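Nothing in this text is a laboratory measurement; each read-out follows from the coordinates by a stated rule. Predicted model only: the values in this text are computed from it and were never measured. No Cβ is skipped: glycine too gets one built from the backbone with ideal geometry, and neighbour counts run over all protein chains shown.
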Amino acid sequence: MSTLTGTGTLLRLAWRRDRVLIPVSLLALTALSVGSAQATIALYPTDAEARAGLSGVLANPSVVAMYGPIGAENRDALSVFKTVLMGAVFVGLLAYAVVRRHTRVEEEVGRLELVGAAVVGRRAPLTAAMTLATAAVVGAGALSTVGLVAVGLDPLGSVALGVAWVVAGLAMVGVTAVAAQLTTSARACAGIALGVLGVMFLLRAVGDTAGGSASVLSWASPLGWSSRVAAYGDNRLWVLGPALVLTGALVALAFSLLDRRDVGSGLISPRPGPDRARDGLGTPLGLVGRLARPAALGWLTAFVVLGVVLGGLVASVADMASDPAIVDMLTKLGGSAGTITDIYLSTELAFVAVAAAAAGISVALRLASEERAGRGEPVLATATSRRSWLGAHTLYAVALPVVLLLAIGLAVAVTAHGQGEAPGLVPMLGASLARVPAVLVLVAIAVLAAAAVPTHASAIAWGALAVAFGLGELGATVGLPQWLIDVSPFAHVPPLPGGDFTPASTLVLCAVAAVTTGLAFAAYRVRDAA
Amino acid sequence: MDSVIETQDLRKTFGSTVALDGLALTVAEGEVHGFLGPNGSGKSTTVRILLGLMRADSGQARLFGRDAWTDATDLHRRVAYVPGDVALWPNLTGGETIDVLARLRGGLDERRRRDLVERFELDPTKKARSYSKGNRQKVALVAALASDAPLLILDEPTSGLDPLMERVFQDELHAARSRGHSALLSSHILSEVERACDRVSIVRSGRIVESGSLTELRHLSRSTVHAIVRTPAAQDISTWPGVEDVHVGESGTDIRLAVDAAHVGEAVSRLDRLGLVTLTCEPASLEDLFLAHYGTESATGATTPSSEDAQVR
């Protein structure tokens, strides 16, 4: 039996399990690049117009840090400016997800042992996982290339964009394959692979913005290579060469590690933890806080980074004001009060509020997921009352979005300080807090769903958020009637900073949230725990 | 003696399925009470009603004389629970989990916690994600047994333990009883119940069909007699009063039979008249009792046990 026996069967099995994940991801990635390119071309049909409209924004260092340097100052390059690097990151994430799912995750839950006992070669599972991931990566690049050519972009440049994505995707196939050999837990594998992706992103962010000799750092990161392909500019397709060499080396390393270890083991053994619980952990509040902590810290980091980026863009906003189309779009999305900077921040905060609501909802839904996993029952069998167990979840679900909104308000105010028409700290924090009542209505719906109908809680809570977002934030853009838009809590948020605070609607939102939460407590008290 | 658990006419239906159909269970203070029945007979539903996790449609469930549903939180300070399928928080260590569960209940005995961790050979510094089923079960057992709760409710607590650890569990259960604590041990491992329990209740289709001490229950059932005699019996042995299931060897001197408790003496003296060489007389095992209620029942899915540790699926 060769070490690859059974690869074909495993590949078909993996494809069968991913037949939704991969096609949907590829379509979403293509929609991202083609959609944004099409929108830009519609706004700026010629190179000159594109340069005039966008190059000011694109010179901003925080934009370059986020999206990478522009490939060339022409219409096509500008139209894919935001999607080269972002798309490369997403393709990398897809590659990571596919490889990890079919290797370390399978091994941790013990299914790989079942497979390994059948007629399957030692290297077959990893080979199948990497083959499927590579196919997904190449598919993403190819589909996007076809789509971009179809909307009228330069064919060679479109191929180069595909190559830029494939470069990042292949690197992550190799990185994840190695990470899967190192650790025993799928979570630690995720930590290593995503950590490497983060470092690659940071290296090139520093390299791209620092200039001079530091720009060498961009060449140390496969994500930097994606930008250096310079799609629609120099079109350096040869960058694929070093990417293949790197991926080949990583794959060889992964195989040699695999050959040296037992099924189920890793090179790094898991660190032992504390043998006693700290004092704070023995209460419902302490326990829920501990369980929700990793996700909460992730959200907080993301919000602070986003706040810094949004704040950094304030200076460039005034430049955009010269374009009436953008002003028109911003007013539709965010309201018309105040200066263009206020409108910009108000618009961004409207989207940020949706993310904050999502964070709160995910904490509230822990109540239901703990119960379904069988971990709620042992807690309720202790002297923990239902009220305090639900209360602990509710408290964190409410507190997290409030903290996140304050953090992003602070980050924006500090970063934007002294730039353009930036609002001060107090108006910015006020604008953040103005979003809280609407967010809490959605959190309260999630709390009620988790308390009353745990099996359907996810669908109800995320459905409510999707409807509220669709009606409240996008309803005006697509011309829905006002009464329908008003169903969304987000439609009643005052357009701060710059606009008028509306105490009445704020109070109504708070009351709705409070009553919904009260219903949750009443429902949770009387139902059977499942 | 006061009862620590008392249910009367407990009824619970899920849709069209009747889970409990007038269940009446009593556990006296200081006793270890076996709660026997195959899966789907209503054991876990009863346990969850006793813990106030579910509300009965009708009937009463009382712990320490108080209502299991309305006084649940307060009662739980005096109750330690071990579920059959223990789910733990994957990123907490075993040691942390023991402390969390015990503290949520109201504290634990430090010295006993140390001893139990050692006796169960549990590594408390490992993350729960890497524990096997048996180790997860140990975590829940240590958390429950290290507490000073006077009532243990154990729902198939040894399903993942190896025989050595099962023995440790038996010892610790015995020690808890010596401290004056009571326990309800829901199980389908008959040998475990036989070894650990003072009294037994057998549940079938949501009702208690048999309840009492093992001696009492045995009295209701037939003993097995195996005798080797000198002269074959002249008459048909199966016509003897109270005797059934007679098997006679080819020589006619090797006799096996089952006899009900009231006629054991008479059967033995009749055998004696045939010139006894050897005689063994065994009271009914729990397995026999159990099979008497379930063995013929195909609808409940009861199966023929193949070993002493008959597991009814």
If you take each beta carbon of peptide A:276-284 and count the beta carbons of other chains within 10 angstrom, what is the mean? 5
In nm, the gap between the two label points placed 7 Å beyond Cα toward Cβ at residue A:395 and residue A:256 is 5.4
Would you mind counting up the charge near residue B:275? Only other residues with Cβ under 15 Å from its Cβ, with Lys and Arg at +1 and Asp and Glu at -1. +1
Taking K and R as +1 and D and E as -1, what net charge do the other residues with C-beta under 14 Å from the C-beta of residue A:360 add up to? +2
The range B:63-103 and the range A:121-175 have their Cα centres apart by a whole-number Å value of 51
Give me the percent relative contact order of chain B, please, defined on Cα pairs under 8 angstrom at least 6 residues apart. 19
Chain A, helix-only ellipticity at 222 nm - DSSP H runs n ≥ 4, -39,500 (n - 2.57), divided by all residues, nearest 500: -24500 deg cm²/dmol
If each residue of separation counts as 0.36 nm, what is the full-extension length gain between residue B:114 and residue B:77 once their alpha-carbon separation is subtracted? 11.2 nm
What spacing in nm lies between the two simple spin-label points modelled at residue A:486 and residue B:70, each 7 Å away from Cα in the Cβ direction? 4.6
Simple spin-label estimate for residue B:58 and residue B:226 in nanometres, 7 Å along Cα-Cβ: 5.1
Burial ranking of peptide ranges A:129-140, B:25-36, A:512-523 (average Cβ count within 10 Å, highest at the top): A:129-140, B:25-36, A:512-523
Can you compute the FRET efficiency between residue A:49 and residue A:406 using 1/(1 + (r/R0)^6), with r the Cβ-Cβ distance and R0 = 45 Å? Round to the nearest 0.05. 0.65
Cut-off 14 Å between beta-carbons: net charge of the residues surrounding residue B:54, Lys and Arg +1, Asp and Glu -1: +2
Expressed as a rounded percentage, what relative contact order does the range A:152-286 have, with Cα pairs under 8 Å and six or more residues apart? 36
Restricting to DSSP H runs of at least four residues, report the calculated mean residue ellipticity at 222 nm for chain B, -39500 (n - 2.57) per run over all residues, nearest 500 deg cm²/dmol. -8500 deg cm²/dmol
